[in-house]
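Enquirer: Questions regarding the structure given below will be posed in turn.
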Protein chains: 2
Amino acid sequence: LDYQHVQVPFEITLWIMLASLAKIGFHLYNKLPSVVPESCLLIFVGLIMGGIIYGLNDRSPPVMDSDIFFLYLLPPIVLDAGYFMPSRPFFENIGTILLYAVVGTIWNVFGIGFSLYGICQVKAFQLQDVSLLHNLLFGSLIAAVDPVAVLAVFEEIHVNEKLHILVFGESLLNDAVTVVLYKLFRSFCEMPTIKSVDVFAGVGKFFVVGLGGVLVGLSFGFTAAFTTRFTKDIRVIEPLFVFLYSYLSYLTAEMFHLSGIVAIISCAMGMKRYVEANISLKSHTTVKYFMKMWSSVSDTLIFIFLGVSTIGENHEWNWPYICFTVIFCLIWRALGVLVLTFFVNRFHVNTITSKDQFIIAYGGLRGAICFSLVFLLPDFHRKKLFIAATTVVILFTVFIQGMTIRPLVDLLAVKRKRESAPTVGEQIHIRFLDHLLAGIEDISGHWGQYYWKDKLEYFNSKYLQKILLREYDQPKSSIVLLYEKLERKHAIELAQAGQLGHGPAHPSFLCSAFLCSSSDRTVITDQKLDDTPNPNVLDNIQEILARNLYRIRRMGPAYNRHTLPGDSEPTEQAKEILILRHKSL
Amino acid sequence: LDYQHVQVPFEITLWIMLASLAKIGFHLYNKLPSVVPESCLLIFVGLIMGGIIYGLNDRSPPVMDSDIFFLYLLPPIVLDAGYFMPSRPFFENIGTILLYAVVGTIWNVFGIGFSLYGICQVKAFQLQDVSLLHNLLFGSLIAAVDPVAVLAVFEEIHVNEKLHILVFGESLLNDAVTVVLYKLFRSFCEMPTIKSVDVFAGVGKFFVVGLGGVLVGLSFGFTAAFTTRFTKDIRVIEPLFVFLYSYLSYLTAEMFHLSGIVAIISCAMGMKRYVEANISLKSHTTVKYFMKMWSSVSDTLIFIFLGVSTIGENHEWNWPYICFTVIFCLIWRALGVLVLTFFVNRFHVNTITSKDQFIIAYGGLRGAICFSLVFLLPDFHRKKLFIAATTVVILFTVFIQGMTIRPLVDLLAVKRKRESAPTVGEQIHIRFLDHLLAGIEDISGHWGQYYWKDKLEYFNSKYLQKILLREYDQPKSSIVLLYEKLERKHAIELAQAGQLGHGPAHPSFLCSAFLCSSSDRTVITDQKLDDTPNPNVLDNIQEILARNLYRIRRMGPAYNRHTLPGDSEPTEQAKEILILRHKSL
């Protein structure tokens, strides 16, 4: 037995296998996932496993390595989030999102940091040795809302698109702020004295880290799009470039101490439309499917590891500090949302309702990012207290808030996501309005979002498309695009109907279809499947197929990390088909 | 700048990126790949890169790590090979393949080992210090035909299926023999005396290593199939199981010193039909596409690393030893093929022609497996000589034989692969004959391949399908299966036709299609794309689509690692459609 030799890949494979099997296990019981969010269940599995490891070895199970988390587990999730980000609502609300992400996070950091410092001054709590800087450092890591946790919960509760993008966008973009503040306070902790220059340099860094991330991401994204211009002859490696370039953008940003999350999101959003146009349909299916698969596994592993790492002797328990951390996290976030939304609503016609505000405040879940950051802290005598407090905050938000948010959304009757896609009429109307508003803005000299959008679209069609698209001959009219879309939809649905064959009701249906067209049967068995065609025979077959194939229309949810659009329930389809066939007979 | 932090993933990503870009580069010049095999070009790129690294650093560039090769680069290629292995020709020729793989490899090992020992006895060559055991050890690593190199060359020359499977099957299955002999001789080298017991134990090991590999592979394969029974609710992670279980089978086999290659091939062949039936069509596309992508990248990396590792100061040059190694490799392989084929032909009606024998002998390419094995040798004073000889043999076979085999195949007019798939009539006939022959074998009491195949099929439908398939209700009649196949083919072809939209000729064609059905246009723009359907409107659309869609039939090569079946050339399709439309108008 030579275990040493294969240990690393073997254990990685086993962990991934465990995560996948756990996922299958939950979905076997249909009722479980509808009550408890998957993230809670996975943390629970992790807790049990950690307990087993602790019981067997009699020492703390290994904690999640921060390097592994930031280099290998986080990127797939963020890439998936960026690639499937609905760009219209995102850019429509970018101002609000940035306000929440930047000002809101700073507010939370300082609010939590200062008020915890106040608690530390109470003598009875025996916490006087925790300095203000340490409290601020702790505040900087505990304040950030976690995209992984938010996604895991919000994609199950289906709130309206605007609310979703506000919380989710904030959780993604606050990374730049978190990175800067965390690194700033950590270096302050190690400095003997802090000059005011350092503080100003810190403020300047915000812009460098955020905008630098965007720049790195966009440049890699456009390079990726440019590369896929030349992959026509080797379709198989097309999907690779999407993953390679996005990952490189993340790593490059991390290397220069910029925001990796912002970089990979910019990269994904920048490349998407060009890459989609360049690569083949099968490559695109692979890209989408693999991204979902990868992020889903990463996310499962993160929650399991979170559970495993909770068990052990890394904790120092101090009731007041931990309780007040949870309370301050809730209070400061609620206050921040209220104040910021008050300003936002003054400048917008389409205001954020008080119900939405409650969900935004309540949906501020903490997760694995805080956890990894707290383990990255330099060693000092109260580190274990910080670890304990972080763990409690994460478990509290994921379990208590995560499990109650769905009933609350039901109870408050928060506006849900629209279940149907916009009609063609609506789409045309929206586009028309966009052009109109851009014109009005141009005339009135007010450079609002429509003006910039129009300029960007012009720049895109004038320069970017010519460079980045392989077959950029003439701009296609929208009616042609619509036709292509319909054509593709139709074909894909035919393929789905073809899959029905595995359903129980299907064979009999097919047999009956064959029996009523017994004259055609001989035609089929005689013709060569893949040979040079006999047009009559083929027409016959097409007729049979057209008669028996049925078009099934359904709407999947717009963004869901665990399902792909087009995943269908065969039994339902089979039923629908049977009913239709009955009618037609 | 914090390069240390991201170094490992960054460099891995860059290497993969380099490999992919190199691949794109070759395919940009259409003439190059048709003259020189890709493997040669990649080695050439590697040589240049190695030269640059050597020139800049003034020391040998890093050689390919054997662990990385065996644990990470080889499995994807072998998995791809096993998964897409045409099972009928493989099992029909399994006897011949095993004869070549086992007896042929042993013949080569001892032939090369003993004759090189003979050369070492010539005093003028100054090689008396190389013992017989060392020569045999060297023989054991240099004798094995390499699957990666064979695939890279044979998938470009399109010889007939039987010839292809004989060479390729041998290169895969000789792994068990190579592993045993290599480890045997290596341990003999370290032993003070060799007892006859050890030799017998070595012979016994053949069976353990080979059959053990098959057992490990099949058990993982069936577990994978069983697991995919339960993935109905989470389609996104389905493809993962195919990769995880195959990789685990490889690692487990390696852990127990069994043949990993044999294990992963058994796993892939064992799971394929059940997994395909259980998972969704999109998952299956992802599995196929990703496998091709992965193996293609691995294979590119291997050849580039091979080139890089060639440069440097690892070599000890000795003209006679190196030249005679090349000559003996050629002679013993030719002799072995001649003798073994003589026996094979005596027992078969469908004999192997002398042209085929020549190609089998000439196609015995060596590659990265030999290279990794020679670096794994324990340190002794002549290791550098062995490395030099191995490098020369690999470069000789890949460059000289690899580049001349295509002209030779043309010159000898070797029977090519049949370009068209068998017709339905042929398929039915073949199946009928199979049943007939199984019956005849049963009556005559001769237990040949048809008898066993029949038994296996019975066992499969009686037990395995019931356990491993999700929706095993009743056995489907072949006419239903045929219908499903047609249905799916049709739908996929529609999707391909839909992709034409990107071709230059397409927009005008579409516009004309729209103009002649101007009454339908309003219908389309009014209907909701994804909403509850209005049957009339939908029927209208289906009619338009059916009128404009054209069925394109083409045959891709049956096995090719670089393309997927169904990759099409859009301009050609567009032309065909235009012609057809002209006719119909």
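The values are calculated or read from the model by the stated rules, or taken from the named source; none is laboratory data. From a predicted model like this one, the values you see are computed outputs, not experimental measurements. Backbone-built Cβ (ideal geometry, glycine too); neighbour counts: all protein chains shown. In case anyone asks, the SASA skips ligands and DNA or RNA and just uses the protein heavy atoms, side chains included. Shrake-Rupley method; radii C 1.70, N 1.55, O 1.52, S 1.80 Å.
Enquirer: Work out how far the C-alpha atoms of the range A:292-362 reach from end to end along every principal axis, then list the three figures in whole Å, largest first.
Expert: 51, 42, 15
Enquirer: Along Cα→Cβ at 7 Å, what distances in nm separate the B:H435 label point from those on the other copies, shortest first?
Expert: 6.5
Enquirer: Further question: Would you mind listing the distances between the B:L1 label point and the same position in each other copy? Use 7 Å along Cα-to-C-beta, nm, one decimal, shortest first.
Expert: Label-point distances to the other copies, shortest first: 4.7 nm.
Enquirer: Tell me which of A:I261, A:S246, A:L306 sits at the most positive position along the dipole axis of the range A:231-332, charges placed on C-beta atoms (Lys, Arg +1; Asp, Glu -1).
Expert: Final value for the positive-end residue is A:S246.
Enquirer: Taking 7 Å along the Cα-to-C-beta vector as the label spot, tell me the A:D67-A:Y3 distance in nanometres, rounded to one decimal.
Expert: With each label point 7 Å from Cα toward Cβ, the separation is 2.3 nm.
Enquirer: How much accessible surface area, in Å² rounded to 10, belongs to the heavy atoms of B:E313 with a 1.4 Å probe?
Expert: 100
Enquirer: In Å², what does the accessible area per residue of the range B:1-410 work out to with a 1.4 Å probe? Don't skip to the end; give the middle numbers.
Expert: On the way: 15310 Å² over 410 residues.
For the range B:1-410, the per-residue accessible area is 37 Å².
Enquirer: Calculate, for A:K417 and B:L408, the FRET efficiency according to 1/(1 + (r/R0)^6) with r their C-beta to C-beta distance and R0 51 Å; round to the nearest 0.05.
Expert: Calculated value: 0.20.
Enquirer: Taking a quarter of the surface of the Cα convex hull of the range A:308-454, what do you get in nm²?
Expert: Here the figure is 13.8 nm², rounded to one decimal.
Enquirer: State to the nearest 20 debye the size of the charge dipole of the range B:424-471 about its Cα centre, where the only charges are +1 on K and R beta carbons and -1 on D and E beta carbons. Intermediate values should be presented prior to the final figure.
Expert: Details: 6 positive and 7 negative charges, 54 e Å.
For the range B:424-471, the charge dipole is close to 260 debye.
Enquirer: Let me ask another. What is the sum of charges around A:I304, taking Lys and Arg as +1, Asp and Glu as -1, for the other residues whose C-beta is under 15 Å from the C-beta of A:I304? Please list the in-between numbers first.
Expert: Numbers: positive: A:K23; negative: A:E11, A:E38, A:D65, A:D299.
Charge balance near A:I304 sits at -3.
Enquirer: What whole-number value in Å² describes the accessible area per residue of the range B:424-471 for a 1.4 Å probe?
Expert: Value for the range B:424-471: 74 Å² per residue.
Enquirer: Chains B and A: how much accessible area gets covered up at their contact, both sides added, probe 1.4 Å, in Å² to the nearest hundred?
Expert: Rounded to the nearest hundred, the buried surface is 11600 Å².
Enquirer: I need the chymotrypsin sites (Phe, Trp or Tyr not before Pro) found in the range B:279-348, filtered to DSSP loop residues with at most 11 other beta carbons within 10 Å of theirs. Don't skip to the answer; put the middle values down first.
Expert: On the way: sites: B:Y289, B:F290, B:W294, B:F303, B:F305, B:W317, B:Y321, B:F324, B:F328, B:W332, B:F342, B:F343, B:F347; in loops: B:W317, B:F347.
Within the range B:279-348, the qualifying chymotrypsin sites (Phe, Trp or Tyr not before Pro) (loop, at most 11 other Cβ atoms within 10 Å) are B:W317, B:F347.
Enquirer: On to the next question. Evaluate peptide A:26-33: per residue, the Cβ atoms of other protein chains within 10 Å of its Cβ; return the mean as an integer.
Expert: Partner Cβ neighbours, averaged per residue: 2.
Enquirer: Sticking with this structure for a sec: Using only the Cα atoms of the range A:1-410, each taken as one equal point scatterer with no solvent, compute I(q) by the Debye sum, divide by I(0), and report log10 of the ratio at q = 0.10, 0.12, 0.14 Å⁻¹.
Expert: Debye curve over Cα of the range A:1-410, log10 I(q)/I(0) at q = 0.10, 0.12, 0.14 Å⁻¹: -0.70, -1.02, -1.38.
Enquirer: May I ask you to compute the full-extension gain from B:I94 to B:H446, defined as 0.36 nm times their residue separation minus their alpha-carbon distance, rounded to one decimal in nm?
Expert: Length difference between fully extended and current span is 124.9 nm.
Enquirer: Quick check: net charge around A:I369, other residues with Cβ under 9 Å of its Cβ, Lys/Arg +1 and Asp/Glu -1?
Expert: Within the 9 Å Cβ shell, the charges total -1.
Enquirer: Could you pull out which residues in the range B:287-325 have an amide N less than 13 Å from a spot 7 Å beyond the Cα of B:K384, following the Cα-Cβ vector?
Expert: Once the point is set 7 Å along Cα→Cβ of B:K384, B:312-318 turn out to lie under 13 Å by backbone N, inside the range B:287-325.
Enquirer: May I ask you to derive the FRET efficiency for A:H429 and B:D233 from their Cβ-Cβ distance with R0 = 56 Å, giving the value to the nearest 0.05? Write down the numbers at each step before the final one.
Expert: Numbers: r = 38 Å, r/R0 = 0.67.
Once the sixth-power term is evaluated, E becomes 0.90.
Enquirer: Can you tell me what percent of all Cα-Cα pairs in the range B:250-385 are more than 21 Å apart?
Expert: 67
Enquirer: Right, another one. Of the peptides B:262-275, A:18-31, A:424-437, how do they stack up when ordered by the mean number of other Cβ atoms within 10 Å, highest first? Kindly include the intermediate steps, with their values, before the conclusion.
Expert: Values: B:262-275: 26.9, A:18-31: 16.2, A:424-437: 13.1.
Ranked from most to least packed, the peptides come out as B:262-275, A:18-31, A:424-437.
Enquirer: Can you tell which of A:G448, A:Y458, A:V424 lies farthest toward the positive end of the dipole of the range A:424-471, using +1 and -1 charges on the Cβ of basic and acidic side chains (Lys, Arg; Asp, Glu)?
Expert: Checked the options; the winner is A:Y458.
Enquirer: Given a 1.4 angstrom probe, I'd like the percentage of the accessible area of the range A:424-471 that is carbon and sulfur, rounded to a whole number.
Expert: On the way: 2360 of 3520 Å².
Whole-percent figure for carbon plus sulfur exposure: 67.
Enquirer: Here's something else I'd like to know. Give the value in nm², to one decimal: projected area of the alpha carbon convex hull of the range A:1-121, averaged over all directions.
Expert: 13.5
Enquirer: Here is a further query. Residues of the range B:109-136 with backbone nitrogen within less than 15 Å of a virtual label 7 Å along the Cα-to-Cβ line of B:S196, please, listed as ranges.
Expert: None, by backbone N distance to the label point.
Enquirer: Once you put a point 7 Å from the Cα of B:F343 and another 7 Å from the Cα of A:L376, both along the Cβ direction, what distance in nm separates them?
Expert: About 6.4 nm separates the two model spin labels.
Enquirer: Residues of B:281-291, mean number of Cβ from any other protein chain within 10 Å of their own Cβ, rounded to a whole number?
Expert: 6
Enquirer: Once you order the gyration tensor axes a ≥ b ≥ c over the Cα atoms, which shape class does the range A:134-245 get: rounded for a/c under 1.5, otherwise prolate or oblate by comparing a/b with b/c? Walk me through the numbers on the way to the answer.
Expert: Numbers: a/c = 3.03, a/b = 1.53, b/c = 1.98.
It comes out oblate by the Cα gyration axes.
Enquirer: If you don't mind, another one. With the cut-off at 29 Å, tell me which of the pairs B:K31/B:K417; A:K232/B:K417; B:K292/B:K455; B:K183/B:K272; B:K232/B:K417 have Cα atoms farther apart than that.
Expert: In this structure, B:K292/B:K455; B:K183/B:K272; B:K232/B:K417 exceed 29 Å between Cα atoms.
Enquirer: Test of understanding: express the Cα radius of gyration of the range B:424-471 as a ratio to 2.2 N^0.38 Å, with N the residue count. Show your work: numbers first, answer last.
Expert: On the way: Rg = 12.9 Å, N = 48, 2.2 N^0.38 = 9.6 Å.
Here the Cα radius of gyration is 1.35 times the empirical estimate.
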